Amino acid sequence: VRYIGIDAPESVRPDTPVEFMGSDAAVANGALVEGREVVLELDVSEADRFGRLLRYVWLRDGDAWRLVNLELVRQGYAQAVSFPPDVRRQDELRAAEREARDAGHGLWGPATPLP
């Protein structure tokens, strides 16, 4: 599954170094969805050019629903990106990125010095 509307740093691409915050983003995603039942929401396109399902990923949080794509952006683990025609939630994802940037969360925080 490819999460619609976001781009997180790479952490598992073969022959490519782990990108800044890549491991953190993978851990954050796992903390949200691992072992939990999720609901996948279609926008317009069924799959990307690599055959991955394109979906918004929802999980139940008590009596409410939580959009994982949005939460990863809000926490600063992913950027909001748009690939038309799958843009239904583009405005809320971009607003969450602005909030993360303004607050200095994750990708938008101070860079970790190299050893």
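How much accessible area per residue does the chain have, counting only protein heavy atoms and a probe of 1.4 Å, in square angstrom?
So the chain comes to 63 Å² accessible per residue, rounded to a whole number.
With charges only on Cβ, +1 for K and R and -1 for D and E, what is the dipole size of the range 28-87 about its Cα centre, in debye, rounded to 20?
Dipole about the Cα centre, nearest 20: 140 debye.
Could you please state how large a percent of the accessible area of the chain is carbon and sulfur, counting protein chains only and using a 1.4 Å probe?
Solvent-exposed carbon and sulfur of the chain make up 52 percent of the total.
Over the range 39-115, what lengths in whole Å, largest first, do the semi-axes of the equivalent ellipsoid take, defined as the square roots of 5 times the eigenvalues of the alpha-carbon gyration tensor?
Listed largest to smallest, the semi-axes of the range 39-115 are 25, 16, 12 Å.
What angle, in degrees between 0 and 90 and rounded to the nearest 10, separates the Cα long axis of helix 22-33 from the longest principal axis of the Cα atoms of the chain?
Orientation of helix 22-33: about 40 degrees from the principal axis.
Given the Cα-Cα distance of R2 and A103 and 0.36 nm per residue of separation, how much length would full extension add, in nm?
Separation in residues times 0.36 nm, less the Cα-Cα distance, equals 33.7 nm.
Using only Cα atoms and rounding to the nearest 10 degrees, what angle (0 to 90) does helix 90-103 make with the longest principal axis of the chain?
On a 0 to 90 degree scale, this one is about 20.
Classify the range 1-90: rounded, prolate or oblate, from the alpha-carbon gyration tensor (a ≥ b ≥ c, eigenvalue square roots; a/c under 1.5 rounded; otherwise prolate if a/b is larger than b/c)?
In terms of gyration-tensor shape, oblate.
The values are calculated or read from the model by the stated rules, or taken from the named source; none is laboratory data. If you're wondering where the values come from, they're calculated on a predicted model, not measured in any experiment. Neighbour counts run over all protein chains shown; Cβ positions are idealised from the backbone, glycine included. SASA here: full protein model, heavy atoms, side chains in, ligands and nucleic acids out. Shrake-Rupley method; radii C 1.70, N 1.55, O 1.52, S 1.80 Å.
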